[in-house]
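Read through the structure below, which is laid out as structure tokens, and then see the notes.
Please treat every number below as a calculation from the coordinates, not as lab data. Here the structure is a predicted model, which is why all the values come from computation and not from measurement. Virtual Cβ from ideal backbone geometry, glycine too; neighbours counted across all protein chains shown.
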Amino acid sequence: MIKVHNDKCVGCSLCIKGCPVAAITLVNKKAVIDLNKCTLCGACVSVCKFNALQMVRQEIKRGDIFGYKGIWVYGEQRDGVICTVVYELLNKARELAKDLNTYVGVIFLGSGIEDKAKELIARGADKVFLVDSPQLKNFLAENYATTVINLVRKHKPEIILAGATTTGRSLVSRIAVPLYAGLTADCTELHIDKEKKILVQTRPAFGGNIMAQIISPNFRPQMATVRHKVMPEAKADPSRKGEVIKEKFDIEWEDKRVKFLDFIAEATSTVNLSEADIIVSGGRGMGDAANFKLLEELAEAIGGAVGASRASVDNGWIPYSHQVGQTGRTVCPKIYIACGISGQIQHLVGMQSAKTIIAINKDPDAPIFKVADYGIVGDLFKVIPLLIKQIKALRA
Amino acid sequence: MNIVVCIKQVPDTVEVKIDPKTNTLIREGVVAVINPFDMYAIEEGVRLKERFGGKVTIVTMGPPQAQDALRDALSLGADEAILLSDRAFAGSDTWATSMVLSRAIEKLGDVDLIICGKQASDGDTAQVGPGIAAHLNFPQATYVRKIDTVHMDTDPKMMVVERLLEEGYEIIELSLPAVVTVLKEINEPRMPSLKGKMRAKSAQIPVWTNKELGIESTQLGLTGSPTQVMKIFTPPHKEGGKIFNGEPETMVADLIKEIKDIL
């Protein structure tokens, strides 16, 4: 339920501006909410400066939530190589564990990965829950989820973090449902409310135009996926001590309804977009497929991956797996170089959280310049070769 | 093949602009559309039906006006549509939303495949598709870029799909019924036909409330949602950047000077 306190409402209309579904109108200078449109998202409650709007929530006791201890990180790996997002999560987990005075655990699932557990301890894990089994060789959401659910029921962690990768997101959604746990997607910031001892999760919505802070106070574990490249990695300290807890994969957990057949690495992307620190992206201004050679050269010189706008992909200049934006991937590199990309909102929502944005475009009015930290107004076919030359000179 | 496609009505982001002064969304005249990824889900459903027979049922949870999205889906070749609408559903997070959708799918019965878009453009969670799979205990394949072989004559029915990952793609085999979430790469959606539009206009769209679904009230809406929105705010406005004009050589040299420390 959402309640308007008419004695406090001054008719300032801030809530009308803040409502994403246009459910609020002013009637006799008081806010009136159309309950057929309202989705109870709470945006109006946040913007009201007069505490005139209140979310009324029926709180239900959900059993013991205090028996849960420890911050867990999902130790995503492929063929025994630990994903760097795990080290970013470990860094954050140590910080959260300090505030909650608890331990950091890593759930580590795979086949033939036992000797990698020490890397996780060096990066900040106090305990590694290792499930090493041939059935877990390849990621299948069903088998992995059943394994993790059983670990959670046994050890009762209060928080579980996973990378907001394709694997992380597919896995934790399947875990949160049977556990009846709160799950927040794609967080960019996490901290502990020290008074309430709960996890406060900040995430972008509407493509980063709005930020929301989400909590799950009455449910455990509190679960979140975290955007890659936003948080710094934990440094390795080989002298750190930790415990490896070996758990078994019960053969009954194997889901016969799914079968892994093959994995095919994409030959066209030398570095994958979500791992890349630098992305060089091309748009309509590239003109044709052949010109993407120029971007590949720049990417190679600078040590980055090649991205693209929707226009380039729709024109068939580059495969879809390179597309950045609303109907492609969301990326968060240290440097994003947009070449011949005008900067439609659908593209911006996929890259505007990059730390430094560089735009090269001949149109000085292109919207991309509004989000750019550095802009070059000029012909990209002249600018990029010069840039390649300069970077090579700098790197030599 | 009986297919259920789950869709969401979202604000059309083409129209969403940011007020540079207040840094808030300007929504004036913003129209509601079908979530972009769901267009590929609808198209894939219709294509599979055209290949294997059966029917495509569109399901959405939302306020009464979400029936516009359902009519649009019908005009694209879907056979039936159901609106899940009840005040008790409002405020649902991904847990409670996938609960409502999965209960509706159970009520429909006899389903071979559930197709969702990869994620919605307003929430960007990608959690509802796998959430439905978990509620129904069906196998899942997320980020599907291709539905390859389909065996309708085996028991159980089987399907081979390609999933796009960060470093490439993988091929997995699923037995049906299953849940897949699809990417843009999977197909090119058709335009609505005139006949489709006519049919969509006059179609009867049943509205199911919780009376039909019978979900415990403690598992619905705000109360049933484990997550709560504590606060919503607009991110700090980015300072205006440095724009270089002039000769390419000078511009590139100036840029390199600025960025050489972060390279």
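Legend: Rg and Dmax of the range A:280-336, from Cα coordinates, 10.6, 28 Å.
Across the range A:71-77, computed HN-Hα scalar couplings (Karplus, 6.51 cos²θ - 1.76 cosθ + 1.60, θ = phi - 60°) run 10, 9, 10, 7, x, 4, 9 Hz from first to last residue, x flagging Gly and Pro. Centre-to-centre, using Cα atoms only, the range A:30-68 and the range B:200-235 are separated by 14 Å. Our summary gives the range A:2-55 a relative contact order of 46 percent, counting only alpha carbon pairs under 8 angstrom and 6 or more residues apart. Fewest neighbouring Cβ atoms within 10 Å first, the residues B:Lys146, B:Lys211 line up as B:Lys211, B:Lys146. Simple spin-label estimate for A:Glu300 and A:Phe381 gives 2.1 nm between the two label positions (7 Å along the Cα-to-Cβ direction from each Cα).
A cut-off of 5 Å between modelled amide H atoms, ignoring neighbours fewer than 5 places along the same chain, links B:Ala141 with B:Val179, B:Val180, B:Thr181. Exposure proxy shown here: for A:Arg203, B:Arg71, A:Arg240, the number of other Cβ atoms within 10 Å sets the order, fewest to most, as A:Arg240, B:Arg71, A:Arg203.
Only Cα pairs under 8 Å and 6+ residues apart enter the sum, and on that basis the relative contact order of chain B stands at 22 percent.
The protection proxy used here, the mean number of other Cβ atoms lying within 10 Å of each residue, ranks peptides B:228-234, A:71-77, A:253-259 as follows, highest first: A:71-77, B:228-234, A:253-259. Applying 1/(1 + (r/R0)^6) with R0 = 56 Å to the Cβ-Cβ distance of A:Glu252 and B:Glu247 gives a FRET efficiency near 0.20. Against chain B, whose longest principal axis comes from its Cα atoms, helix B:94-108 is set at around 30 degrees.
Coupling constants for the range B:32-46 follow from the phi torsions by the Karplus curve (6.51 cos²θ - 1.76 cosθ + 1.60, θ = phi - 60°), and in residue order they are 8, 10, 6, 3, x, 5, 5, 4, 6, 5, 4, 4, 5, x, 5 Hz; glycine and proline get x. Inter-chain neighbour count for A:155-166: the average number of beta-carbon atoms from partner chains within 10 Å of each residue's beta-carbon is 1.
Placing pseudo-labels 7 Å out from each Cα toward the beta carbon at A:Lys235 and B:Met152 gives an inter-label distance of 6.2 nm.
Sorted on the mean count of surrounding Cβ atoms within 10 Å across their residues, most packed first, peptides B:51-61, A:1-11 read B:51-61, A:1-11. Note on A:Asn101 and A:His191: the model spin-label points, each 7 Å out from Cα along the C-beta direction, lie 2.1 nm apart. In order along the range A:103-113, the Karplus-derived 3J(HN,Hα) couplings, from 6.51 cos²θ - 1.76 cosθ + 1.60 at θ = phi - 60°, round to 9, 10, x, 10, 8, 10, 10, x, 10, x, 10 Hz, and Gly and Pro are given as x. One equal scatterer on each Cα of the range A:2-55, no solvent, Debye formula: the resulting log10 I(q)/I(0) at q = 0.18, 0.28 Å⁻¹ is -0.45, -1.21. Over the range A:268-371, the fraction of Cα-Cα pairs per 10 Å bin, rounded to whole percents and listed from the shortest bin up, is 18, 57, 25, 0. With Rh defined as the Kirkwood radius, the inverse of the mean 1/r over Cα pairs, the Rg/Rh of the range A:93-224 is 0.96. Over every Cα atom in chain A, the radius of gyration and the widest Cα-Cα span, Dmax, amount to 24.0, 71 Å.
Report, in whole Å, the centroid distance computed from the Cα atoms of the range A:93-112 and the range A:271-285. So the separation of the two Cα centres works out to 32 Å. With respect to chain B, whose longest principal axis is taken over its alpha-carbon atoms, helix B:248-259 is tilted by about 80°. Whole Å is fine, so just give me how far the alpha carbon centre of the range A:308-350 lies from that of the range A:358-375. Measuring centre to centre over Cα atoms gives 15 Å. Helices of chain A meeting both criteria, an alpha-carbon length of 18 angstrom or more along the long axis and an average Kyte-Doolittle score not below -1.0, with helices taken as full DSSP H segments, are A:84-100, A:141-155, A:166-179, A:380-395. Can you tally the net charge around A:His191? Count Lys and Arg as +1, Asp and Glu as -1, for every other residue whose Cβ sits under 11 Å from the Cβ of A:His191. Charge balance near A:His191 sits at -2.
Across the range A:63-165, the relative contact order, built from alpha-carbon pairs under 8 Å that are at least six residues apart, equals 37 percent.
Partner shielding of A:347-353 amounts to 1, given as the average count of beta-carbon atoms from other chains within 10 Å of each residue beta-carbon.
Averaged over peptide A:182-189, the number of partner chain Cβ atoms lying within 10 Å of each residue's Cβ comes to 5.
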